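These notes concern the structure reproduced below.
The values are calculated or read from the model by the stated rules, or taken from the named source; none is laboratory data. Note that the structure is a prediction, hence the values are computed from the model and not measured. Here the Cβ is made from the backbone with ideal geometry for all residues, glycine too, and neighbour counts use every protein chain on show. Protein only, heavy atoms only, side chains kept; ligands, DNA and RNA dropped before computing areas. Shrake-Rupley method; radii C 1.70, N 1.55, O 1.52, S 1.80 Å.
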Amino acid sequence: MTEVILYIAHSIDGFIADRHGGIGWLKPYDGTDFGYDGFIRRVDAVVMGRKTYQDCRSFGTWPYPGKSTVVMTKGAPVDGDGLAVFDGRSPQEILIDLEHAGRKTAWIVGGGGPIRAFLDAGLLKRLILFQMPVLLGAGTPLWPPGRKSYTATLRRTTAHEIGVVETEYEIGRPFV
């Protein structure tokens, strides 16, 4: 079965992008090792929303070479270069395809919509969160409102010297 993981940075006040949809507020932390290289080596599929995909394409070099990429969107494909599959189906259907393709680990890169969709479907089992020492005041929330409530078991916490707090949780069953 494909393991579905969220690995993401957020502000203290719970935003993954600023009020303009940007992630420039993360620049001061570029180059700091939070274990990303080891994490990305384990991942063989990435799932993201349309806006996150467009942001990734603006980086110049594709940040996920060799990874199967699914863009969750109800709209038309952003491009036709074959880098990603644009998919309007449910998280369950997407995960079935990833399993059939032999993918062992799927990273939900962002944004909030795909994160919540996989969580509400009961498919998101592990969270690796990086709370950055920044208060944005407004922006794209990490957790848009959802349909279910979950318990989470803390697996580890690491306080990095630069003020970033890394936490890993295992998601339990929904209780509402």
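Checking a compactness column here: for the range 34-104, what do you get for Rg(Cα) / (2.2 N^0.38 Å), N being the number of residues? Please list the in-between numbers first.
On the way: Rg = 12.4 Å, N = 71, 2.2 N^0.38 = 11.1 Å.
Taking the Cα Rg and dividing by 2.2 N^0.38 Å, one obtains 1.12.
Rank by packing, highest mean first: peptides 102-112, 28-38, with packing defined as the count of other Cβ atoms within 10 Å averaged across residues. Could the numbers behind the result be given before it?
Values: 102-112: 21.3, 28-38: 10.7.
Most protected by this proxy first, the peptides run 102-112, 28-38.
How much length is gained on full extension from residue 161 to residue 42, taking 0.36 nm per residue of separation minus their Cα-Cα distance?
Result for the pair: 40.3 nm of gain on full extension.
Just the ratio, please: alpha-carbon radius of gyration of the chain over 2.2 N^0.38 Å, N its number of residues.
The reported ratio for this selection is 1.00.
Find the lysine pairs in the chain meeting two conditions, Cα atoms under 16 Å apart and a separation of 8 or more places or different chains, and report how many there are. Numbers along the way, then the final one.
Working: 51/74; 67/104; 104/125; 125/148.
So the count of such lysine pairs works out to 4.
Over what distance in Å are the Cα centres of the range 18-55 and the range 88-166 separated?
Cα centroid to Cα centroid, the span is 12 Å.
What length, rounded to one decimal in nm, is gained on full extension from residue 147 through to residue 59, with 0.36 nm per residue of separation minus their alpha-carbon distance?
28.3 nm
For the chain, report the accessible area per residue in Å² (1.4 Å probe, heavy atoms, rounded to an integer).
52
Considering only protein heavy atoms and a probe of 1.4 Å, how much of the accessible area of the range 41-138 is carbon and sulfur, as a whole percent?
Ligands and nucleic acids excluded, carbon and sulfur reach 55 percent.
Net charge near residue 120, counting Lys/Arg +1 and Asp/Glu -1 over other residues with Cβ under 11 Å of its Cβ?
+3
For the peptides 60-72, 1-13, what is the packing order when you average, over each peptide's residues, the other Cβ atoms within 10 Å and list the highest mean first?
Result, highest mean Cβ count within 10 Å first: 1-13, 60-72.
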